[in-house]
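So the structure is just underneath, and the comments pick up after that.
The values are calculated or read from the model by the stated rules, or taken from the named source; none is laboratory data. Everything numeric here is computed off the predicted structure, so don't read it as measured data. Cβ atoms come from the backbone with ideal geometry, glycine included; neighbour counts cover every protein chain shown.
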């Protein structure tokens with residue numbers, strides 16, 4: 001909705017301030033992050049490998065784990081006579097602070113057999129978090145994901161990452177793809193205080209049988225950062241440039257000026273932003 005130009009009014013101007021001055025925007029309440037892998041390799045009584053492993057944290061400290069299993073490295077594997085093999089892996093690097101959540105996860109699986117046998121593998125990584133947004137905030141979120149699976153074998157790959165308000169159900173970031181797909185999202189906006197959920201996982205599975213071979217991979221990377229609500233350009237500083245940029249967007253009727261997030265640009269958005277701007281951070 002296009003609105004006529006209005007002057008800034010009596011909102012005070014002030015020197016530039018750090019938009020991260022109050023950095024405890026979020027408080028995590030519960031969550032889990034993990035990586036896991038499974039490999040199975042069997043053929044005509046020669047090879048009988050069945051191994052799995054996982055690593056997990058229920059805390060909020062940085063989680064940097066990489067787990068890879070190879071059937072050929074297991075003690076039951078016969079390098080000379082085995083006719084099946086498989087590899088699976090899960091990798092995660094993630095961080096949670098008072099103003100930012102970032103993560104990158106990856107899963108791979110591959111397997112092959114000769115005329116008889118089975119090469120089965122899975123790889124997984126996940127990130128589940130519930131957190132409280134403590135105050136009205138500006139946010140910037142990015143997400144990228146890929147999934148790829150070789151045709152001709154049983155299996156698949158999926159990449160899912162989802163952030164949403166538990167109060168309204170409104171998504172902040174939503175990517176859900178599988179097999180041979182990719183997606184990329186960039187968004188900025190404002191969020192009101194309340195509980196939020198982050199749910200993300202990648203999985204890859206290959207089950208090669210009777211002379212087949214295949215691979216599956218999945219990956220996503222996401223970052224969400226919270227800023228003072230008047231930091232329109234999300235550069236970490238609130239100054240005149242933020243005010244000017246917001247008013248330009250508002251006068252153009254752009255949804256980039258929808259400060260209350262109701263899908264309509266009107267005087268309430270202007271008032272909301274300028275009050276936040278006048279308050280500093």
*Taking the condition loosely packed, with under 15 Cβ neighbours inside 10 Å and either at pLDDT below 95 or within 14 Å of the chain's Cα centre (by Cα) (or both), does residue 167 pass?*
no
*Among the residues of the stretch 236-255, write down those that are in contact with a strand residue (DSSP E or B) (Cβ under 7 Å, 6 or more places away or on another chain) and either on the phi < 0 side of the Ramachandran plot or surrounded by 15 or more Cβ atoms within 10 Å (Cβ to Cβ) (or both).*
237, 238
*Report yes if some residue within the stretch 101-115 is closer than 21 Å to residue 236 by Cα and crowded, with 18+ Cβ neighbours inside 10 Å; otherwise report no.*
yes
*asked:* Regarding the stretch 63-73, can at least one residue be identified that is over 29 Å from the mean Cα position of the chain (by Cα) and surrounded by fewer than 16 Cβ atoms within 10 Å (Cβ to Cβ)?
replied: yes
*asked:* Yes or no: the stretch 222-235 includes at least one residue that is surrounded by fewer than 16 Cβ atoms within 10 Å (Cβ to Cβ) and either under 24 Å from the mean Cα position of the chain (by Cα) or not assigned by TED's automatic domain parsing to the domain that holds residue 117 (or both).
replied: yes
*Please enumerate the residues belonging to the stretch 1-41 that are within 30 Å of residue 128 (Cβ to Cβ), buried (at least 16 other Cβ atoms within 10 Å of the Cβ) and modelled with pLDDT of 85 or more.*
25, 26, 28, 31, 33, 34, 35, 36, 37, 38, 39, 40
*With the checklist (1) crowded, with 21+ Cβ neighbours inside 10 Å; (2) closer than 18 Å to residue 99 by Cβ in hand, flag the one item residue 122 doesn't pass.*
(2)
*Within the stretch 42-52, is there a residue that is outside the structural domain of residue 243 (by TED's automatic domain parsing), touching a residue at least 40 places away in the same chain (Cβ under 8 Å) and either buried (at least 24 other Cβ atoms within 10 Å of the Cβ) or touching a helix residue (DSSP H, G or I) at 6+ places or on another chain (Cβ under 9 Å) (or both)?*
yes
*Return the only residue of 197, 272, 268, 215 being in the same structural domain as residue 60 (by TED's automatic domain parsing), surrounded by fewer than 21 Cβ atoms within 10 Å (Cβ to Cβ) and farther than 19 Å from residue 163 by Cα.*
215
